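Here's the structure we're looking at; comments come further down.
Each value in this text was obtained by applying a stated rule to the coordinates, not by laboratory testing. Please read all numbers here as calculations on a predicted model, not as lab measurements. Neighbour counts run over all protein chains shown; Cβ positions are idealised from the backbone, glycine included.
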Amino acid sequence: MDKPLISRRLVDSDGSLAEVPKEAPKVGILGSGDFARSLATRLVGSGFSVVVGSRNPKRTAGLFPSLAQVTFQEEAVSSPEVIFVAVFREHYSSLCSLADQLTGKILVDVSNPTEKEHLQHCQSNAEYLASLFPACTVVKAFNVISAWALQAGPRDGNRQVLICGDQPEAKRTISEMARTMGFTPLDMGSLASAREVEAIPLRLLPSWKVPTLLALGLFVCFYAYNFIRDVLQPYVRKDENKFYKMPLSVVNTTLPCVAYVLLSLVYLPGVLAAALQLRRGTKYQRFPDWLDHWLQHRKQIGLLSFFFAMLHALYSFCLPLRRSHRYDLVNLAVKQVLANKSRLWVEEEVWRMEIYLSLGVLALGMLSLLAVTSLPSIANSLNWKEFSFVQSTLGFVALMLSTVHTLTYGWTRAFEENHYKFYLPPTFTLTLLLPCGIILAKGLFLLPCLSRRLAKIRRGWEKDGAVKFVLPGDHMQGERTSHV
Amino acid sequence: MDKPLISRRLVDSDGSLAEVPKEAPKVGILGSGDFARSLATRLVGSGFSVVVGSRNPKRTAGLFPSLAQVTFQEEAVSSPEVIFVAVFREHYSSLCSLADQLTGKILVDVSNPTEKEHLQHCQSNAEYLASLFPACTVVKAFNVISAWALQAGPRDGNRQVLICGDQPEAKRTISEMARTMGFTPLDMGSLASAREVEAIPLRLLPSWKVPTLLALGLFVCFYAYNFIRDVLQPYVRKDENKFYKMPLSVVNTTLPCVAYVLLSLVYLPGVLAAALQLRRGTKYQRFPDWLDHWLQHRKQIGLLSFFFAMLHALYSFCLPLRRSHRYDLVNLAVKQVLANKSRLWVEEEVWRMEIYLSLGVLALGMLSLLAVTSLPSIANSLNWKEFSFVQSTLGFVALMLSTVHTLTYGWTRAFEENHYKFYLPPTFTLTLLLPCGIILAKGLFLLPCLSRRLAKIRRGWEKDGAVKFVLPGDHMQGERTSHV
Amino acid sequence: MDKPLISRRLVDSDGSLAEVPKEAPKVGILGSGDFARSLATRLVGSGFSVVVGSRNPKRTAGLFPSLAQVTFQEEAVSSPEVIFVAVFREHYSSLCSLADQLTGKILVDVSNPTEKEHLQHCQSNAEYLASLFPACTVVKAFNVISAWALQAGPRDGNRQVLICGDQPEAKRTISEMARTMGFTPLDMGSLASAREVEAIPLRLLPSWKVPTLLALGLFVCFYAYNFIRDVLQPYVRKDENKFYKMPLSVVNTTLPCVAYVLLSLVYLPGVLAAALQLRRGTKYQRFPDWLDHWLQHRKQIGLLSFFFAMLHALYSFCLPLRRSHRYDLVNLAVKQVLANKSRLWVEEEVWRMEIYLSLGVLALGMLSLLAVTSLPSIANSLNWKEFSFVQSTLGFVALMLSTVHTLTYGWTRAFEENHYKFYLPPTFTLTLLLPCGIILAKGLFLLPCLSRRLAKIRRGWEKDGAVKFVLPGDHMQGERTSHV
């Protein structure tokens, strides 16, 4: 007989079709909350035969899909090999009476602790369950899936289900079930990882916290600086009321500073890492923690830079819509007429503006390419060379364009005394310091003596006497000097 | 002997490597159309041995990849366990002569009915095939994959293949094949689902139909209203020709109304659902159908709101590019000179505009974050808490910003008689009604008495005597008050 | 006993739990570079038991995760069935001493040649390895994954691992391992494909090369043309200095031309393919190579068109920000006053601008829908009908809107002599030629005689005597006349 396909063989290991179990595989569920019901719905929909264990089957039955069998707990756990435990941690101990029936079975812990519970117990829910039922195999799974995602079904098919447990076979069983239900299972290792897995649904964008605070901090500082220069100084010195500039003009002077400094902060850690490697003469040495974290948050910093640059563009396009712009124009025209001047034209100013605007648009266009490429579905379709070309090469071009944009905007103002208000230099001169330093350093690294040494180090070469100590997971980052 | 890996064990259940079948698994295909050929190409490319059954093998052979064996139907179906039926429904009966050879085999129905056929037959193609071949196992699969996607190969690797059938083992066989071919199989349940699965390729963005019609309807109504106020009234009352405003100005007054009303329609159903739960004292009761559908279409309504807001921004940026803007400015300047006024400045107008523009940009920036987060690849990488933070919290901030934007735009106009044209109030006053109501209701729900009761209900508490009846799949939506 | 789940059965083929191997599956690794270490880290994290073979185990041990066992090569390869070969090609031959221990095992070649090596050797690394170890089964895999992606773990879970090899069972083993490690395996066929698979990480956005060069070429040509008309001609003929227009105005006149021509180039190959099919009377005939490539690059050309259209919008919004715009306005006002004209208004100009701007925004909005729909994660969620509706129907609407936008921009200028500078016609007349031709052809294909014949051909009908010859993979593209 021809047995061409892997799965057929699976169910047919002794060669006779007669023994193939025709009935659907049986799964037990303990619990009757939202999650239990959504789970039952999805399991039934995926072809499993579901038995729900309840203390009060009559009352509970109406809540479950009609194809799920609802019965007493003792009965429900007797026949299936896999039991989902969908009850709160505080009720785990109430299941101890079922210990005998559960012996040798796989218990799937789907629970999620609240923030408070997670801080309170140092033992994960899953490990606690395992300690209560030493004769069972406990697998942690499905906790990262919401009841809603379980019900939504097919459309959320690419969602990952994180699975951990101490017994590989049990994990495989649950992985296969997750796959049948339309999820992508992911092995997270032993049950000791359960605490980490349980913490995942409690996270709130952890990788964005520091970069966002950084960006907001920069915004506040630059806003205050610009407010002093553009609003306070004219008021104090010349008694001019420029307070109307606060909602829009001052914001628009602040945004590009933040965007520009953030963009340079994307490239700074790469430069520092290279410098450190050059000095140490090896890449197999841990970076300091702060540098490590910085290297890992470049994507977020780059995206925030793009967001601020985008807002800067929108604010700039709003400038001619302002009433004050209209008034200024009309008043200028009236002044011209009264002064009997026939033609107003300053060639240098015209050139400055045209170049400056053009470069700004190009820099924004370049940054938008970087932003699009950092979308997960696009980043996943690029190979390393392509990703590094876009993020590293094009990103550096964007930094150069922004620098020239800023320089053209500043023109000669940095050298004119009347632009130093309260002795404060124009904002753009401050923002230029960091990026110019980075560009300089990148230039230095191109010198043959340094570039050759760096290339050797990155291929694995080590200076004699270089201290070699590496923790897994740390020695890679220096190599990936890409961003956004 | 060491048998470390699951798959090895699979092919090696009795422990001797000698018995592992070295030849590729065999698959049969009946049919010679585009789909059959693409299927053969992909199967051959994925390591299967393909036998194509044709009535005229000589004529057909040239159309298939050279590695596929093309022969007579009777011969083609004799040896493989899995036969793909890639012929039109009307030709199914012509295969009846093969019934004996097909006994016990898996027939995969890959057909897609046309719109007309789908309406005409109440029985799905797959069920019809199953009724013709009662001794075979029919599995519906691959119909959602186009011939093009089959050929495109690797690049479309994440595409889902929906599979349904009555025999779990057969489904698993086909799932495994789909996976080997680089697709993600998804079990859709029994063969009774085949009609639904066959309907999927006939769909045309069903979840967008109602929201799009709603948005267009709103656009038409608001456009007519604005046309009457901004163009018709000046023409009738003051004989002023403002018809030139129709292509741009009136559209730009209409777009923000539509965007703003749509955004509030995203948050309204959540408020209604909460009110209903509070009144009923339980969450385990079905919402009315209309509310249910509304809750499920919030994402689409939110994205349309963003699209209209985006267009509003683009139209606004076009305003100073208009020739009429230039003429108005020049005429204003000339008027100033003739009136011998030296300086034009209205402080209040200046402030109004600066605040209003700034808030508009911020609201758009916030909406763009929501839009980006609703991209499938990003939404899938967020946990429930993060998704809800972005869509619910940030989304509500965007609604608040839009409201203040609208209020600043309106300023005191709602209370000035000359802004009531034909007794019609300014458009912005109309659009404010709904969002202000929602913000008020959200504020009410924050009152301790209501917020505590709501929290209890959402944790599963029920008022005594609350009618408890729930259909699976309905009781979740109230909880997920998120959008976009 | 109840054996409900497929995976349980797998590990339990004889029915007794006692025999289930409790220990993790064993995997060997030869090599100690970055990739070997990252691989070891990931394998250990995914529950495998890892043995690393080194010539100097003492020196190497510190570099690997503590759970990985580091020993001499001979010892490391003796027990696992699967050995990862993570050494450079030039060291393959040094492994020959292990040939006896390796007999019958699976060797996984994870190597990536450098660009130079790839050009130098006509035999892939994997095939070379296979030739050295004829008694082993060589599988090529994981080379497309970077060491970084291996370590990043869970977050990169959707990444594809391309696998090829001559023995299906070995490929399945490695596929299953890849899946356990959180990757999506994809079968690429026999080991003969290894060269192709090894070339993938060397690629640099190959599908973008020709479209990008095309776009840049068009940009240079149109820029030169516009420079001659807008800057050089005034300088030569009227001695006017308009060189300040170079950075912004001329660029902004050039960008829409490029965007518009690119958009029409998206629809041209579909028209040519249809014409060819009509003439040949069959769809089963290869298109010429150039047409084939063109059809396959429509998405990239469309996205570049959108990028240039976007830049055009940004540049346009910058126009009123220019200093020259301000000067022109003021000078115009002064001129008006001096000429004693009280009101400036040209009704026709006003209408032209309003219509033209409005259409431009709509066309851009439409193109942005197309661009969003071509994101992989969204494109994958659409069925063929939806994808074709968006890309083909909405895309054609965008082309029509752009055409009317261009026509309104041009207005009557094409017929006025003073717009022919140096006898060169206005740029917009040039760009209109191609799109108008395409729209005309599309109109022609709607004629009953042609549309019926075309529909018949696309359903598979063939003219008598039509030469029938088709290579697999070529006959589909004509059908998919969609873009972006």
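In this structure the amide hydrogen of B:His297, modeled in the peptide plane, comes within under 5 Å of no amide hydrogen from residues 5 or more places off or on another chain. Scattering from the stretch C:30-126 was approximated by placing one identical point on each alpha carbon and applying the Debye formula without solvent; log10 I(q)/I(0) at 0.12, 0.15, 0.19, 0.22 1/Å stands at -0.39, -0.60, -0.93, -1.18. Think of each Lys and Arg Cβ as +1 and each Asp and Glu Cβ as -1; about the Cα centre, that makes the dipole of the stretch A:408-466 roughly 440 debye. Size check on the protein assembly as shown: the Cα extents along the three principal axes, sorted descending, read 105, 82, 79 Å.
Rounded to the nearest Hz, the phi-derived 3J(HN,Hα) couplings of the stretch B:46-63 under the Karplus curve 6.51 cos²θ - 1.76 cosθ + 1.60 (θ = phi - 60°) are 9, x, 8, 9, 10, 10, 9, x, 9, 7, 9, x, 4, 5, 7, 3, x, 7, where x marks glycine and proline. The amide H of A:Ser54, built 1.01 Å from its N in the peptide plane, has A:Thr71, A:Phe72, A:Gln73 as neighbours under 5 Å, considering only residues 5 or more places off or on other chains. Close amide-amide hydrogen proximity is noted between B:Ser190 and B:Gly165, each under 5 Å apart and 5 or more residues distant or on a separate chain (H modeled in the peptide plane; Pro and chain starts excluded). Straight Cα distances below 29 angstrom link C:Lys105 to the lysines A:Lys3, A:Lys171, B:Lys3, B:Lys22, B:Lys26, C:Lys22, C:Lys26, C:Lys58, C:Lys140, C:Lys171, with same-chain residues fewer than 8 positions distant left out. Take the Cα of B:Phe219, step 7 Å toward its Cβ, do the same at A:Lys238, and the gap between the two points is 4.7 nm.
In a simple Cβ point-charge model (Lys, Arg +1; Asp, Glu -1; nothing else charged), the protein assembly as shown has a dipole of about 4100 debye relative to its Cα centre. Picking from B:Ile29, B:Val334, C:Ile106, whose Cα lies most toward the positive end of the charge dipole for the protein assembly as shown (charges on Cβ: Lys, Arg +1; Asp, Glu -1)? Toward the positive end, the furthest listed residue is B:Val334.
Sequentially through the stretch C:96-113, phi angles give Karplus couplings (6.51, -1.76, 1.60; θ = phi - 60°) of 4, 5, 8, 3, 5, 4, 7, 3, x, 8, 9, 9, 9, 8, 10, 6, 10, x Hz, Gly and Pro residues having no value and appearing as x. Of all beta bridges that DSSP places with both ends in the stretch C:89-236, some 20 percent have antiparallel geometry. Restricting the stretch B:196-261 to GluC sites (Glu not before Pro) that sit in a DSSP loop and have at most 14 other Cβ atoms within 10 Å of their own Cβ leaves B:Glu240. Of the chymotrypsin sites (Phe, Trp or Tyr not before Pro) found in the stretch A:242-285, no site is in coil according to DSSP while having at most 14 other Cβ atoms within 10 Å of its Cβ. Peptide B:193-202 has a mean shielding of 1, counted as Cβ atoms of other protein chains within 10 Å of each residue's Cβ. Here chain B carries DSSP beta bridges of which approximately 10% are antiparallel, counting only pairs with both residues inside. At what distance in angstrom do the alpha carbon centres of the stretch B:370-390 and the stretch C:325-382 lie from each other? Cα centroid to Cα centroid, the span is 35 Å. Here the stretch B:289-414 is treated with +1 on each Lys and Arg Cβ and -1 on each Asp and Glu Cβ, and its dipole about the Cα centre works out to around 520 debye. Other residues with beta-carbon under 12 Å from the beta-carbon of C:Leu205 carry, at +1 per Lys or Arg and -1 per Asp or Glu, a net charge of +2. Averaging the Cα positions of each part gives two centres, and for the stretch A:29-61 and the stretch B:61-139 these lie 37 Å apart.
Mean partner shielding of peptide A:242-248, defined as the number of other chain Cβ atoms within 10 Å of each residue Cβ, is 5.
Shown for A:Ala339: label points 7 Å from Cα along the beta-carbon vector, and their distances to the equivalent points in the other copies, 2.3, 2.3 nm in ascending order. Restriction of the chymotrypsin sites (Phe, Trp or Tyr not before Pro) in the stretch B:291-374 to DSSP coil positions whose beta-carbon has at most 14 other beta-carbons within 10 angstrom yields B:Trp345.
The stretch B:253-288 and the stretch C:250-296 have their alpha-carbon centroids 47 Å apart. With a Förster radius of 41 Å applied to the C-beta separation of C:Leu444 and C:Cys122, the computed FRET efficiency comes to 0.25. Which of the three applies to the stretch C:152-222, rounded, prolate or oblate, going by the alpha-carbon gyration tensor with a ≥ b ≥ c and a/c under 1.5 meaning rounded? Oblate, since a/c reaches 1.5 and b/c is not below a/b.
Take every DSSP beta bridge whose two residues both sit in the protein assembly as shown; close to 10 percent of them are antiparallel.
Scalar couplings 3J(HN,Hα) for the stretch B:335-347, obtained by applying the Karplus form with A = 6.51, B = -1.76, C = 1.60 to θ = phi - 60°, are 4, 4, 4, 5, 7, 6, 8, 8, 9, 9, 6, 10, 3 Hz; x denotes Gly and Pro. Sites count as exposed loop sites when they are trypsin sites (Lys or Arg not before Pro), lie in a DSSP loop, and have at most 14 other Cβ atoms within 10 angstrom; the longest stretch of chain B without one is B:56-202. With 20 Å as the limit, the listed pairs A:Lys245/C:Lys245; A:Lys456/C:Lys116; A:Lys341/C:Lys242; B:Lys238/B:Lys421; B:Lys116/C:Lys456 have A:Lys245/C:Lys245; A:Lys341/C:Lys242 beyond it between alpha carbons. Peptide A:339-349 shows a mean partner chain C-beta count of 4 within 10 Å per residue C-beta.
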